[in-house]
Each structure stands twice: as structure tokens, then as C-alpha cells.
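Contents: one structure, followed by commentary.
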Amino acid sequence: MLKVGLTGGIAAGKSVVGEMFVGLGAHLVQADRIAHSLMQPGEAVYNEVVRHFGHSILNPDGSVNRSKLAEAAFGSADATLGTRNSRIDELNRIVHPAVIRSQEEWMHAIGLQSPRAVAIVEAALLLEAGAAKSFDRMVVVTCNAEQRAERFAARQKIDLEAARKEVARRMAAQLPDAEKVKAANFVIDNSGSLDQTRQQVKAVWEKLRADA
């Protein structure tokens with residue numbers, strides 16, 4: 001089995017690329033969905049997050065409000081960089097180890113079921129979490145800064161200027177694209193049309209499938 005990490009900056013189009021790989025036959029899990037399941041009431045990660053960030057991040061039903069948690073972790077736009085980074089690091093120390101364990105368990109299960117499978121983990125902070133060593137290949141998705149803002153604005157249903165500020169704030173907590181590209185075996189430029197991205201995905205898939 002070939003273990004593949006799929007990463008890239010915020011709103012680069014990782015999920016779109018991941019879906020394209022699945023359409024070609026890959027197995028895929030999203031680290032964000034794993035984290036979401038680990039933050040359900042009663043889970044150990046949930047309890048730790050609430051202990052560190054307070055009950056103000058919760059919805060009335062006790063579930064985590066992801067927007068409020070992001071605000072608590074990333075801080076306001078005028079917060080100092082050091083303060084923002086310390087809170088982001090605090091959240092990551094709680095969540096990342098549990099997510100990585102779940103990813104490893106998922107890949108192990110896929111390998112038992114299908115020894116020649118291509119198992120892809122999609123994760124925005126894959127490199128930042130120190131999980132790169134778990135993978136045989138690394139795929140990085142990129143796009144330009146304005147496209148990130150436009151896509152984030154559409155996804156969050158906010159205006160473009162607010163999206164630019166939020167993207168910049170979150171990108172400050174991630175490795176720059178240039179650093180991610182250095183760690184990549186394959187780079188998919190998602191700045192063009194979906195057809196152009198699809199052609200790149202197909203080319204990478206043929207290599208991954210051959211390696212598997």
C-alpha cells in the first residue's frame with residue numbers, strides 16, 4: 001500500500017483535488033473530519049479543548065462552535081503575533097497527536113483490506129504537525145493569494161476584504177507554500193480551470209498507482 005499525504009494552504013483546493021483522486025480509485029480520509037469527530041461531547045479531545053479554551057466556544061447543545069474555537073485560537077486581527085501563535089500551538093498540542101493516531105489506524109486498516117491501495121490523508125497542517133514521516137509520498141496543492149481569498153469568501157459567505165484578512169491571519173499559522181513545495185513529491189497548481197487541475201491529478205495518479 002502507498003501512503004500519501006495531501007496538503008496545501010487554506011482554500012488552495014485540497015478537498016477538490018482529494019475528490020478527484022477518489023474518483024480515480026484512491027482511498028481518502030480528511031484530517032479535518034477526524035478532528036471534528038474527536039471534538040464531539042464525551043471525547044477526550046473535546047474535554048481538553050473545553051478545559052483550555054472555555055465554555056464560550058460551545059453551542060447551546062454543548063457541541064463545539066468551530067468559528068468560536070477558531071476565533072479563540074487565532075485571536076483577533078489586532079492581537080499580537082506571539083499571543084496568537086501560543087494559542088494556536090496550545091490547540092494543536094491537544095488535537096494533532098489524536099488525529100495522527102487516527103490517521104495511522106485508518107491507513108493500517110486500508111492496508112489490511114487492500115495491500116496495493118493508494119491511501120490518501122488530506123490535512124492542511126500535515127507538515128506542521130510533524131506527520132510527514134508517516135507517508136511514502138507528499139502531494140501539495142497550491143493557488144495564488146487572491147484565489148484563496150475569493151474561495152474562502154464564497155465558502156464562508158463573507159465579503160472579499162474580510163476574507164483576505166482572515167486568510168492572511170490563518171496563513172500566518174501555516175508553513176508558507178514555498179516550504180510545503182520543498183517537501184513535496186508532486187505539486188498540483190490549482191490556479192487554473194478545474195479541467196487543468198484534473199489533468200494534473202490524473203498524471204500524478206498514474207505515478208502513485210504504479211508506485212503502489
Within the stretch 169-207, residues being under 16 Å from the mean Cα position of the chain (by Cα), aliphatic (A, V, I, L, M) and farther than 14 Å from residue 6 by Cα number 4
Just to be sure, is residue 109 aliphatic (A, V, I, L, M), outside any loop (DSSP other than H, G, I, E, B) and at pLDDT below 95? no
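Within the stretch 163-180, is there a residue that is touching a strand residue (DSSP E or B) at 6+ places or on another chain (Cβ under 6 Å) and either surrounded by fewer than 19 Cβ atoms within 10 Å (Cβ to Cβ) or not hydroxyl-bearing (Ser, Thr, Tyr) (or both)? Please lay out each step first, then the result.
Filtering the stretch 163-180 down to residues touching a strand residue (DSSP E or B) at 6+ places or on another chain (Cβ under 6 Å) leaves 177, 180.
Cutting the leftovers down to either surrounded by fewer than 19 Cβ atoms within 10 Å (Cβ to Cβ) or not hydroxyl-bearing (Ser, Thr, Tyr) (or both) gives us 177, 180.
Yes, the stretch 163-180 contains a residue that is touching a strand residue (DSSP E or B) at 6+ places or on another chain (Cβ under 6 Å) and either surrounded by fewer than 19 Cβ atoms within 10 Å (Cβ to Cβ) or not hydroxyl-bearing (Ser, Thr, Tyr) (or both).
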The number of residues in the stretch 149-162 that are crowded, with 19+ Cβ neighbours inside 10 Å and more than 17 Å from residue 71 (Cα to Cα) is 2
Reported set for the stretch 112-145 where residues are under 22 Å from residue 13 (Cα atoms), free of Cβ contacts under 8 Å to residues at least 60 places away in the same chain and part of a helix (DSSP H, G or I) is 145
Sole miss for residue 148 among (1) closer than 27 Å to residue 93 by Cα; (2) part of a helix (DSSP H, G or I); (3) modelled with pLDDT of 95 or more; (4) of a type outside the set (Phe, Trp, Tyr) is condition (3)
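With respect to residue 78, is the statement that it is in a loop (DSSP other than H, G, I, E, B), more than 30 Å from residue 116 (Cβ to Cβ) and at pLDDT 95 or above true?
For residue 78, the condition - in a loop (DSSP other than H, G, I, E, B), more than 30 Å from residue 116 (Cβ to Cβ) and at pLDDT 95 or above - is not met.
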* Could you tell me whether any residue of the stretch 68-75 is among the charged types (D, E, K, R), at pLDDT 90 or above and within 24 Å of residue 158 (Cβ to Cβ)? => yes
Scanning the stretch 181-195 for residues that are in contact with a strand residue (DSSP E or B) (Cβ under 8 Å, 6 or more places away or on another chain) and part of a helix (DSSP H, G or I) gives 181
A careful count of residues in the stretch 1-48 that are part of a strand (DSSP E or B) and polar (S, T, N, Q) gives 2
Considering residues that are over 23 Å from residue 201 (Cβ atoms) and of a type outside the set (Ser, Thr, Tyr), the number found within the stretch 4-58 is 21
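The values are calculated or read from the model by the stated rules, or taken from the named source; none is laboratory data. These numbers come from a predicted model, not from an experiment. A quick note on method: Cβ atoms are made from the backbone with ideal geometry, for glycine too, and the neighbour counts reach across all protein chains shown.
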